[in-house]
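> Dumping the structure here so I can ask a few things about it.
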Amino acid sequence: MTVFVFLGSLLGAMSLGMPIAFALLVCGAAIMLQMGNFESQIIAQKLIDGADNYPLMAIPFFLVAGELMNAGGLSRRIVAAAMALFGHLRGGLGYVVIGTGLLLASLSGSAIADTATLAVMLVPLMREAGYNINRSCGLIAATGIIAPIIPPSVGFILFGVTANLSITKLFMAGIAPGIMMGLSLISVWWWLSRREAFKLPARKSGREVLHALRNAIWAIVLPILIIGGLRFGIFTPTEAGVIAAVYALLVSLLAYRELSIDALYIAVLNAAKTSAVIMFMVAASMVSAWLITVANVPMQVVALLRPFMETPVLLMFLTMLAVLAIGMALDFTPTILILTPVLMPVVKVSGIDPIYFGVIFIMTTAIGLITPPVGAVLNVVCGVSKISMEEAVKGVMPFLIAEIFVLFLFIAFPALVTVPASWFY
């Protein structure tokens, strides 16, 4: 009965147009009423406790770092370096998208921010060079969703806090799957672009390539610094966020000298707005998560899924199909915050490695960002490139199929995730 109260109140509040955070609070209140012990002070206390979490401080710092990299010229220099290396190849701008996307993913951890950066910089170039604009936008969207998988990832921070897992281990476990997703996009792009006629720019000379790489070196050093520091235990994910923000600020002010006071104010303001939305959702989700645990909802879900627990691969396959379907209707952050406390007991009882599950779960949720009808990343691409959602869906479809194939490959062969993860641990 509690499961139906949970789902009914949550979906009912959302159907009325209520913001997700408030819908989660309504859901918590409905569960308390169903249990017969409603107490508003408990909701207020758990709301405060939900936001009072040290690892969550990493989120605003990484968001500030991402904003500063865009405003301070770091992102633009990364694109210029990739253009110098790959721009002259057949379909070279597509490889520039993927290469730049992977590097940006290791800097910001936000799919929407990375997608917007790639679209603003590369859509005009691809349109001018005669690329199929729908397919180009589809590639940009599919590349953008790698950001939540490669560290530093806001998704892994949220999942780690909600599931009480090591965020550093989640970060390290996401490196290889993120790179493999990028390789799948390269394969599909090569196949699609090999027969098309593009206006190819002239090959850059060795001097020009070295110049572009030298200009981008400060930006390229940052992911090495962050991942290396996490790998060797020099700092925590929260401290890594502080280092990333300070590094981006100093490089923008002192090395590139492109960050004005007005741009700095706008960057910090944008990061603050996004952080406030995320933190309020996290706080509200902790209320419903606590009540879900008190009402024994996870054990009810465990009982429903018990027939599949003897076959972990089948359980993972069915679970991720459900998450993928939910991700088509819900945005990235709410999906993590709502489903994590419900699914983690199932994972533990069935003997699935929680870190492995976290990687697959975040990857599945990220794929939901390029699936209609919500498709937040697709909406970003449509807004920047001025194409319709229907055109964007057609363009992204080959890349979406490739990423889903990689996802199911990881489910069928967990060692593809766990073995590389053990190297980075």
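Coordinate-derived values only; no laboratory data. This is a predicted model, so every value here is computed, not measured. All Cβ positions, even for glycine, are placed from backbone atoms using ideal geometry, and neighbour counts span all protein chains on display.
> About its Cα centre, what dipole magnitude does the chain give when the only charges are +1 on Lys and Arg Cβ and -1 on Asp and Glu Cβ, stated in debye to the nearest 20?
Details: 21 positive and 17 negative charges, 253 e Å.
Roughly 1220 debye for the chain.
> Rank-order 178-185, 138-145, 399-406 by packing density, defined as the average count of other C-beta atoms within 10 Å over each peptide's residues, highest first.
Working: 178-185: 21.0, 138-145: 30.9, 399-406: 18.8.
Top of the packing list down: 138-145, 178-185, 399-406.
> How much length is gained on full extension from residue 423 to residue 90, taking 0.36 nm per residue of separation minus their Cα-Cα distance?
116.4 nm
> May I ask you to compute the full-extension gain from residue 210 to residue 254, defined as 0.36 nm times their residue separation minus their alpha-carbon distance, rounded to one decimal in nm?
Values: separation 44, 0.36 × 44 = 15.84 nm, distance 2.14 nm.
Going from the current span to full extension adds 13.7 nm.
> In whole Hz, what ³J(HN,Hα) sequence does region 261-274 give by Karplus (6.51, -1.76, 1.60; θ = phi - 60°), x for Gly and Pro?
4, 5, 5, 4, 4, 5, 4, 5, 5, 4, 5, 5, 4, 5
> Also, I was wondering about something else. Give me the net charge for the shell around residue 290: Cβ to Cβ below 14 angstrom, other residues only, Lys and Arg +1, Asp and Glu -1. Intermediate results must be reported in sequence, preceding the final value.
Working: positive: 46; negative: 39, 49, 52.
Value of the local net charge: -2.
> Which shape class applies to region 283-330: rounded if a/c is under 1.5, otherwise prolate when a/b exceeds b/c and oblate if not, where a ≥ b ≥ c are the square roots of the Cα gyration tensor eigenvalues? Intermediate results must be reported in sequence, preceding the final value.
Numbers: a/c = 3.30, a/b = 1.31, b/c = 2.52.
Here region 283-330 falls in the oblate category.
> Can you give the calculated 222 nm mean residue ellipticity of the chain, where each DSSP H run of n ≥ 4 adds -39,500 (n - 2.57) and the sum is split over every residue, rounded to the nearest 500 deg cm²/dmol?
Per the formula, -25500 deg cm²/dmol.
> Here's something else I'd like to know. Just to check I understand the Karplus step: with θ = phi - 60° and J = 6.51 cos²θ - 1.76 cosθ + 1.60, what whole-Hz values come out for region 398-407, glycine and proline as x?
x, 6, 5, 4, 4, 6, 5, 4, 4, 4
> Short version: ³J(HN,Hα) in whole Hz for each residue of region 245-253, in order, from phi by Karplus 6.51 cos²θ - 1.76 cosθ + 1.60 (θ = phi - 60°), x for Gly and Pro, what are they?
Karplus-based 3J(HN,Hα) across region 245-253 equals 5, 5, 4, 4, 5, 5, 5, 5, 7 Hz.
> Classify region 15-58: rounded, prolate or oblate, from the alpha-carbon gyration tensor (a ≥ b ≥ c, eigenvalue square roots; a/c under 1.5 rounded; otherwise prolate if a/b is larger than b/c)?
Values: a/c = 3.24, a/b = 1.35, b/c = 2.41.
Judged from the Cα gyration tensor, region 15-58 comes out oblate (a/c at least 1.5, b/c at or above a/b).
> Further, regarding this structure: Helix 206-231 against the longest principal axis of the chain: what's the angle in degrees, Cα atoms only, rounded to the nearest 10?
20 degrees
> Against the longest alpha carbon principal axis of the chain, how many degrees, from 0 to 90 and to the nearest 10, is the axis of helix 332-350 turned?
The angle comes out near 60 degrees.
> Could you work out how far helix 167-193 tilts from the main Cα principal axis of the chain, as a 0 to 90 degree angle to the nearest 10?
That works out to roughly 50 degrees.
> Continuing with this model, one more query. With labels modelled as points extended 7 Å from the Cα through the Cβ direction, what inter-label distance (nm, one decimal) is found for residue 326 paired with residue 195?
It works out to 4.2 nm between the two label points.
> Full extension from residue 349 to residue 44: what is 0.36 nm times the residue separation minus their Cα-Cα distance, to one decimal in nm? Mind dumping the intermediate values first?
Details: separation 305, 0.36 × 305 = 109.80 nm, distance 3.15 nm.
Once the chain is fully extended between residue 349 and residue 44, it gains 106.6 nm.
> Once you sort the root eigenvalues of the Cα gyration tensor of region 172-247 as a ≥ b ≥ c, which label holds: rounded (a/c under 1.5), prolate (a/b larger than b/c) or oblate (the other case)? Could you put the intermediate results ahead of the total?
Values: a/c = 3.68, a/b = 1.56, b/c = 2.36.
Oblate shape, in that a/c is at least 1.5 and b/c is the bigger or equal ratio.
> Between region 364-425 and region 179-233, what's the alpha-carbon centroid distance in Å?
19 Å
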